[in-house]
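Scroll down for the structure; my scribbles are underneath it.
The values are calculated or read from the model by the stated rules, or taken from the named source; none is laboratory data. Since the structure is predicted, the reported quantities are computational estimates derived from the model, not experimental observations. In this analysis, Cβ positions are derived from the backbone assuming ideal geometry, glycine residues included, and neighbour counts consider all displayed protein chains.
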Amino acid sequence: MGRRRSRLGHRCLVAALGVALVAGPLAGPPAAGAAPRAVRGIVRVDQVGYATGEAKRAFLLAEAPAVGARFRVVDDGGRTVLSGRVGRSTGGWNARYRAVHPIDLGALRRPGRYRIVVDGLAAASPAFRVASRQALFAKLVHDTVHFFQVQRDGAQVPRRLHRRPSHLTDRRAAVYATPVFEGDGGDVPAAPLRAIGGPVDVEGG
């Protein structure tokens, strides 16, 4: 009987120690002198890139103010091409990132691909480009014009996306007085529309 109790007590002691080893660090306070958790953040840059001669600015979004934090701009080879300190916080971004620090990149003028690294914080930017205006924006302008051309209506619609002539009856459209709306969505006419002129040619809408 005594041996059974001894074995039972030994097993209980081992089990208790196992629980203490697992639960102790989670439940107890951090050890004295332990290093505080590093402030984390993210760096936001212009995803299109920056023209060589324009003003350039990125932003450090940090969990806590990081006044005086140093940043480095590194090229594809890992070489530092520009360094400095982040600007004063302009306020919070959201509940997590409570400090937004501007980063002045105006001195970065050589074309290439770069990243921004903030020393002392777990923060780095995605890669971004510095190039001429033509290299950065020509395709964007072309794509934007192309998008709006595809949206055109009328007899001369672009032959893209299998479009067909549309809104042709607008060649003889009436002109109406400004309507008054009501309803929950504010889109229900409060009175019949009143024609005041026309016809006018607004083919294509």
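Just a few scattered comments:
- Checklist (1) over 25 Å from the mean Cα position of the chain (by Cα); (2) closer than 17 Å to residue 58 by Cα; (3) not charged (D, E, K, R) applied to residue 174, failing item: (2)
- As a summary of the residue check, residue 112 satisfies the conditions (1) on the phi < 0 side of the Ramachandran plot; (2) at pLDDT 95 or above except for the one numbered (1).
- Filter result for residue 123 (small (Gly, Ala, Ser) and surrounded by fewer than 12 Cβ atoms within 10 Å (Cβ to Cβ)): no
- Some residue of segment 181-196 being under 30 Å from residue 146 (Cα atoms), surrounded by 11 or more Cβ atoms within 10 Å (Cβ to Cβ) and not aromatic (Phe, Trp, Tyr): no
- Unmet requirement for residue 95, which otherwise passes all of (1) among the hydrophobic types (A, V, I, L, M, F, W, C); (2) assigned by TED's automatic domain parsing to the domain that holds residue 53; (3) surrounded by 13 or more Cβ atoms within 10 Å (Cβ to Cβ): (3)
- Restricting segment 160-182 to residues that are among the β-branched types (Val, Ile, Thr) and assigned to a loop (DSSP other than H, G, I, E, B), the residue that is nearest to residue 50 (Cα to Cα): 178
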